[in-house]
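Asks: Dumping the structure here so I can ask a few things about it.
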Amino acid sequence: MQSDSIFFLLALITIVSSIVMISAHRPIDSALSFIVTLVSIAALFALVNATFLFVVQIIIYAGAILSLILFIIMFLNIKDENLPDERYKNYWLLGTSLIVAPFSFILIDLILRSNIALKAQISEEFGTIKDVGLTLFDKWILPFELVSILLLVALIGAVILSKKEA
Amino acid sequence: MLEKYMILSIILFSIGIVGLISRRNIIVIYMSIELLLNAVNLSLIAISADTADASAQVVSMLIIAITASEAALFMALFVVLFRNKASLDVNLFDILGNKR
Amino acid sequence: MSDSTLLSTLLLSPLISAALIFFINMLFLNPRQSLFTFLALTGSGVSAVLALIVSYQSYFHAQVFTSHLFTWLSIGEFTIELALKADALGSFMLLFVAPVSFLIHLYASGYMDKDKSYGRFFTYFNLFIFFMFLLVLADNPIIMFIGWEGVGLVSYALIGFYFEDIQNTYAGNKAFIVNRVGDFGFLSALMLLFIEAGSAGFSFDSIFLSLAQIDPSMLSLIAFLLFVGAMGKSAQIPLFVWLPDAMAGPTPVSALIHAATMVTAGVYMVARFAPLYTMTPDISLFIAYVGAFSALFAAIVATRQYDIKKILAYSTMSQLGFMFMALGVGAYSTALFHMFTHAFFKGLLFMAAGYIIVAFHHKQDIRELQGIRKSLPLLFVMMFTASLSISAIPPLSAFFSKDAIMGALYASGHVELFLMALVASLLTAYYMFRMVFVLFYSQKTQSTKKSSKSMLYPMVVLTVLSVFAGLLNLPELFGGNLNISNWLNLLDKELLLPHAKELLLISVNTLLILGVILYTYKRYAYTQAIHKESQENLVAKKFYVDEIYTLLITQPLHYLSIFFEQKISHGIIDRLINLSALYYARAGILFSYLENGNVRFYALYMLIGVVSGFVYLYWALRGVL
């Protein structure tokens, strides 16, 4: 019961902060509320014993990526006149929500109707670095190497994109 | 537990889509995309916990790695867009369409 | 060599030589002219020899040659075979078509000497013989029609042979279009025949067997439509206008196609369908009248022509009229016999004309060619002989054939036809000797040094033939027994006159013709009468037939097409298309608001699509879930 109430609390925080994230006018507000979202998602990870992913989420997302965003926002010195003119932002948000609503509704309905949970017994080791690491280097070694190449490509791409003269 | 996580994941995903389509600010769009990926990660972790198998966690981790590379590219894009147009408006990125 | 191979070789050798000449002409830059000559003469020579063998066997042993090449069409029960059959009629046609073709090939090799399109010329020429053989040897009307169209096509190509001059191309077009009208008749007749009699096979024999079951009025319609085809091909009123213009082609073409062979295809076709025409006496009589009017009309027009080839063209039309008269009264073999002799003397006359034209720098006007007897004595002899022959002076070949026609006309009881034929025959003597006397009997003299042996030899052969060919079908009156008529064994009507009457007819006829020749001599020999003729009267203007056709057919069509082009095509159709194009442009602008290049809009469209798909699937699978 305890974990249930924690889940609902975290879910509420996640949803509210993400709604704030997409509707805030200034990017800095969005970024700050997005940090809240990410941290509460990390907490949700921890709730199901995925301790390693919890750490990764906190370090990479909340730590690295979001601070990079904040850094960029501040580095660019964005003023209000640099922001896009989003006069009809609320109508857009409302309209798109109406379009997406049936999609969400159908998916939720399907999830509720189907009985997909296995409820397998979780071992003591689950979610630890050892467990994840063994799986990664055992079954997923090729994707892992490919991701390393992807990171390299992205690195070079970022450098080339942001060079002063193209 | 799995169903709750899935429903939360769907809700987050929908919010991400709404943000992705409705907003013109490229930074918010980027964060919406991150939200989509996080929603997927959430469901993956839930599945992993439900099946007691670490593979889904590994996939989730790979997604995070891809997110990181995406982040690097997006940061470069922000810089370029802002330098060239002095604005964060994605509507300025429309050379794909017909110029009138 | 078996019979069927022999016949196939006869048919295919000109085709093969045509193909060879064509490829050599296409592939090599400067092929030797002698190579073309060799190929062309071999192609036509082989078939000429084989044709003589075929007709020899047919005449003396009554042998029928057949050859089945392949099955062209096979639809259920119905098949069209590409089969050849040389019965008596076919062999008879071969007997003069093939050798005359060979002789004119020989002549053409001299006439076309050093022409830059030598190879092209002989490709057409050999192709022409191929189609002519196909027409003659066909075992069913469909194959005959292929040959019929083929000779028309080659004729078109050869009339416009010197296509650098646009007038020649127009002449070719005219021939082709006028022939189309005739072919329409032929084709319609074939379709009707197919509907009415095609069920039991479509070869000539099976058609003739089932003729009796056809409704008489339908039979008349078929016969009439077939004759429309013959009208076009054989230049009879009213579809004759192309023949004089067809003289634009090289002279060997005029000799071979527009005098000796192709134009006689109509006569041959009517004779081939003789069983049909004996059952439709009305149409036969119509044919006779058309022939009579054509003969008379052409003879009258020829008296005021000055172009040596046009005179001969009208003369050809007139002689074809004689043949149709004979066909019309049922004297099929007589008509064919006249065709036979006509091929020789008309071929000869055209060759002589071509010889003169080459010798005197392509002048064709007889007024400019006066006084050429001294320089071309042999030619004078030959042309004089041919003119005597065409005027039916005994004992030259056309005397027998034409007199047989006159006799048949008289015996048939249609006196008006006989009189028209007589007048036409007298006019024939008049215009032929007008030409001869103007050309050869004059105070003026012109000289030339040009001469070509290869042109002269075939003419000598044809002279001999046009003198003696008549003996082949000697009537009883002169101790003969109508060999050719017996050989052909067509459904001739019995048109016999008492000998005394026949003799009287012949004598009167001959005397009249001699009188006309004498009158012509008085009038044209050593005088300037030819220069004093009026250019403005009805005859000199060819009865304004071309102008009337222009006014009645060409002009209305022209205005109609202008109307359609400007009002219907531009005014309505184009405007409609432009209107829809305009709306496409408008719609394009509308859609370009959607396709604005902004990726998040594309994401929106995609989302709408995905959501619609989801909703649809959810609704469609509501029972299952």
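None of the figures in this text is laboratory data; all of them are computed from the coordinates on show. Since the model is a prediction, treat every value here as computed from it, not as a measurement. Glycine gets a Cβ as well: all are built from the backbone with ideal geometry, and neighbour counts include every protein chain shown.
Asks: From the phi of every residue in the range C:50-59, what ³J(HN,Hα) in whole Hz does the Karplus formula 6.51 cos²θ - 1.76 cosθ + 1.60 yield, where θ is phi - 60° and glycine or proline is x?
Replies: 4, 4, 5, 4, 4, 6, 4, 4, 5, 6
Asks: Further question on the same structure: Would you mind getting the Kirkwood hydrodynamic radius of chain B from its Cα pairs, rounded to one decimal in Å?
Replies: About 15.2 Å, per the Kirkwood formula over Cα pairs.
Asks: Next question, about the same structure. Give the shape of chain A as rounded, prolate or oblate, defined through the alpha-carbon gyration tensor: a ≥ b ≥ c are the square roots of its eigenvalues, a/c under 1.5 means rounded, and otherwise the shape is prolate if a/b is larger than b/c and oblate if not.
Replies: oblate
Asks: For the charge dipole of chain B, defined by +1 on Lys and Arg C-beta atoms and -1 on Asp and Glu C-beta atoms about the Cα centroid, which residue among B:44, B:77, B:12 has the Cα displaced farthest towards the positive pole?
Replies: Value computed over the given set: B:77.
Asks: So, in nm, how far is label residue C:9 from label residue C:213 when the simple model puts each one 7 Å beyond its Cα toward the Cβ?
Replies: Placing both labels 7 Å along Cα→Cβ, they lie 4.1 nm apart.
Asks: Roughly how many Å is it from the Cα centre of the range C:184-242 to that of the range C:13-74, as a whole number?
Replies: 30
Asks: Which angle between 0 and 90 degrees, to the nearest 10, do you get for helix C:453-468 versus the longest principal axis of chain C when only C-alpha atoms count?
Replies: Once rounded, the angle reads 60 degrees.
Asks: How high is the relative contact order of the range B:2-91, in percent, counting Cα pairs under 8 Å that sit 6 or more residues apart?
Replies: Value for the range B:2-91: 31 percent.
Asks: Roughly what percent of Cα-Cα pairs across the protein assembly as shown reach past 41 Å?
Replies: Here the tail beyond 41 Å accounts for 56 percent of pairs.
Asks: Separation of the range C:332-404 and the range B:37-78 by C-alpha centroid, Å?
Replies: So the separation of the two Cα centres works out to 106 Å.
Asks: Which of rounded, prolate, oblate describes the range A:1-61, given a ≥ b ≥ c as roots of the alpha-carbon gyration tensor eigenvalues and a/c under 1.5 marking rounded, otherwise prolate only if a/b is larger than b/c?
Replies: In terms of gyration-tensor shape, oblate.
Asks: Evaluate the charge dipole of chain A about its Cα centre and quote only its size in Debye, nearest 20, assuming +1 on the Cβ of each Lys and Arg and -1 on the Cβ of each Asp and Glu.
Replies: Once rounded to the nearest 20, the dipole reads 200 debye.
Asks: Here is a further query. Mind putting a number on the dipole of the range B:2-91 about its Cα centre? Charges go on the C-beta only, +1 for Lys and Arg and -1 for Asp and Glu, and I need it in Debye to the nearest 20.
Replies: The dipole of the range B:2-91 has a size of about 460 debye.
Asks: Tell me which of C:133, C:247, C:9 sits at the most positive position along the dipole axis of chain C, charges placed on C-beta atoms (Lys, Arg +1; Asp, Glu -1).
Replies: The Cα lying farthest towards the positive end belongs to C:247.
Asks: Using θ = phi - 60° and the Karplus curve 6.51 cos²θ - 1.76 cosθ + 1.60, what whole-Hz ³J(HN,Hα) does each residue of the range C:96-106 get, with Gly and Pro shown as x?
Replies: Each residue of the range C:96-106 in turn: 9, 5, 5, x, 5, 4, 4, 4, 6, 4, 4 Hz.
Asks: Let me ask something else about it. Please give the calculated 222 nm ellipticity per residue for the protein assembly as shown, where each DSSP H segment of at least 4 residues contributes -39500 (n - 2.57) and the sum is spread over every residue; nearest 500 deg cm²/dmol?
Replies: Dividing the helical sum by the residues of the protein assembly as shown leaves -23500 deg cm²/dmol.
Asks: In the structure shown, do any of C:174/C:532; C:174/C:541; C:374/C:522; C:309/C:522 have a Cα-Cα gap over 27 Å, and if so which?
Replies: C:174/C:532
Asks: Mind pulling the angle between the C-alpha long axis of helix C:141-159 and the longest principal axis of chain C? Nearest 10 degrees, somewhere in 0 to 90.
Replies: 80
Asks: Could I ask something else about it? Across the residues of B:39-47, average count of Cβ atoms on other protein chains within 10 Å?
Replies: Mean shielding by partner chains, rounded to a whole number: 5.
Asks: For the range C:352-537, what are the per-bin percents of Cα-Cα distances with bins 10 Å wide, up to the bin holding the maximum?
Replies: Calculated over all Cα pairs of the range C:352-537, the distribution is 9, 30, 31, 20, 10, 0 percent.
Asks: Now for a different question. Which ³J(HN,Hα) values, rounded to whole Hz and listed in residue order, are derived for the range C:293-308 from phi using the Karplus coefficients 6.51, -1.76 and 1.60 in 6.51 cos²θ - 1.76 cosθ + 1.60 with θ = phi - 60°, glycine and proline given as x?
Replies: Coupling constants for the range C:293-308: 5, 5, 4, 5, 4, 5, 5, 5, 4, 4, 6, 10, 8, 10, 6, 4 Hz.
Asks: Which residue, C:470, C:563, C:534, has the largest displacement toward the positive end of the dipole of the range C:465-581 when charges sit on each Cβ (Lys, Arg +1; Asp, Glu -1)?
Replies: Ranked along the dipole, the leading option is C:534.
Asks: Give me the percent relative contact order of chain C, please, defined on Cα pairs under 8 angstrom at least 6 residues apart.
Replies: 11
Asks: Sticking with this structure for a sec: Let me test this: with uniform point scatterers at the alpha carbons of chain C, what is the Debye-based log₁₀ I(q)/I(0) at q = 0.07, 0.08, 0.12 1/Å?
Replies: Each listed q maps to, in turn, -0.48, -0.59, -1.24.
Asks: Residues with amide H under 5 Å of residue C:68's amide H, sequence separation 5 or more or different chain, H placed in the peptide plane at 1.01 Å from N; which?
Replies: C:84
Asks: Starting from the amide H of residue C:81, placed 1.01 Å from N in the peptide plane, find each other amide H under 5 Å away whose residue is 5 or more places distant or on another chain.
Replies: For residue C:81, whose amide H was placed from the backbone, the distant partners under 5 Å are C:72.
Asks: Report the chymotrypsin sites (Phe, Trp or Tyr not before Pro) located in the range A:1-97 that are in a DSSP loop and have at most 13 other Cβ atoms inside 10 Å of their Cβ, or state none.
Replies: Within the range A:1-97, the qualifying chymotrypsin sites (Phe, Trp or Tyr not before Pro) (loop, at most 13 other Cβ atoms within 10 Å) are A:88.
Asks: Then there is this: Please list, in chain and number order, the residues 5+ apart from residue A:49 or on another chain whose amide H is under 5 Å from its amide H, with Hs placed from the backbone.
Replies: none
Asks: Could you work out, residue by residue across A:83-89, how many beta carbons of other chains sit within 10 Å of that residue's beta carbon, and then give the average as an integer?
Replies: Per-residue shielding by partner chains comes out at 5.
Asks: Taking every residue in B:29-37, how many Cβ atoms of other protein chains lie within 10 Å of its Cβ, on average?
Replies: 5
Asks: A further question on this structure: How far is helix C:216-233 tilted, in degrees, relative to the longest principal axis of the Cα atoms in chain C, given as a value from 0 to 90 rounded to the nearest 10?
Replies: Its long axis makes an angle of about 80 degrees.
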